[in-house]
1. In degrees, nearest 10, range 0 to 90: what is the angle between the Cα axis of helix 141-152 and the longest Cα principal axis of the chain?
2. Give the angle, between 0 and 90 degrees and rounded to the nearest 10, that separates the Cα long axis of helix 115-125 from the longest principal axis of the Cα atoms of the chain.
3. Could you rank the peptides 15-22, 73-80, 196-203, 100-107 by their average count of other C-beta atoms within 10 Å per residue, with the highest value first?
4. Taking the Cα atoms only, what angle lies between the long axis of helix 173-188 and the longest principal axis of the chain, rounded to 10 degrees?
5. Pull out the extension gain between residue 145 and residue 126, defined as 0.36 nm times the separation in residues minus the alpha carbon to alpha carbon distance; nm, one decimal.
6. Quickly estimate the mean residue ellipticity at 222 nm for the chain, helices only: each DSSP H run with n ≥ 4 gives -39500 (n - 2.57), and the total goes over all residues, rounded to 500.
7. Could you compute how fast segment 75-136 diffuses translationally, taking Rh as the Kirkwood radius over C-alpha pairs and applying Stokes-Einstein at 25 °C with viscosity 0.890 mPa s? Give it in µm² per second.
8. On a C-alpha basis, how far is the centre of segment 109-187 from the centre of segment 78-105 in Å? Whole number, if you could?
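Nothing in this text is a laboratory measurement; each read-out follows from the coordinates by a stated rule. Source: prediction; values computed, not measured. All Cβ positions, even for glycine, are placed from backbone atoms using ideal geometry, and neighbour counts span all protein chains on display.
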Ligand SMILES: Cc1cc2nc3c(=O)[nH]c(=O)nc-3n(C[C@H](O)[C@H](O)[C@H](O)COP(=O)(O)O)c2cc1C
């Protein structure tokens, strides 16, 4: 039985994180069900120039990811009758990457205003692995309360906070993106090679001062 990871892309900045996560899941041989919120179409357009149209999703998503789609299915965000809206639909779990403050709030209070929020609520109620990757900074008390509610409901709250410790001060944007994506795959329990793991030795892989 096909048991995909649901990947929800909401309208926070940080669509490259989603691209890296999806690519690494497909590389690991995982099936992916993709849901892109209406607002995420704007961030995708702004950050990558890519359009994602429901009627042309195969071409559009393939162009955005820059690769063959493999075992990737797509569900329109407005389709509340889609598979992932039901707990009986087989799924390993869900990641919302990036997660807007609106999506975090909606999932935390069970708003289900679109398929992304409904699928995340389903993932939580079915006690499946659920990872949310908020990007906003700074944050309000309300943002923090919603993240705490998600944590208490069983989600892994994994802020898009790249570390420099394995890549050094001269890290490229791609390395920092892959660091966050790798932490997401760790939280999902999916093997990856997105970053070099800390081995207990300072400055092990870099020349002095973090230079090339
Ligand atoms: C270019 C752009 C960047 C945005 N960046 C963020 C962000 O980093 N974090 C956030 O929480 N919202 C951000 N927003 C606002 C969300 O898109 C907005 O709250 C939207 O309602 C989220 O809807 P969704 O959760 O259904 O995707 C951004 C909007 C735009 C147009």
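1. 80 degrees
2. 80 degrees
3. Going from most to least packed, we get 15-22, 100-107, 73-80, 196-203.
4. Here the helix axis deviates by roughly 60 degrees.
5. Result: 4.6 nm gained on full extension.
6. -11500 deg cm²/dmol
7. D, rounded to a whole number, is 215 µm²/s.
8. Centre-to-centre (Cα) distance: 13 Å.
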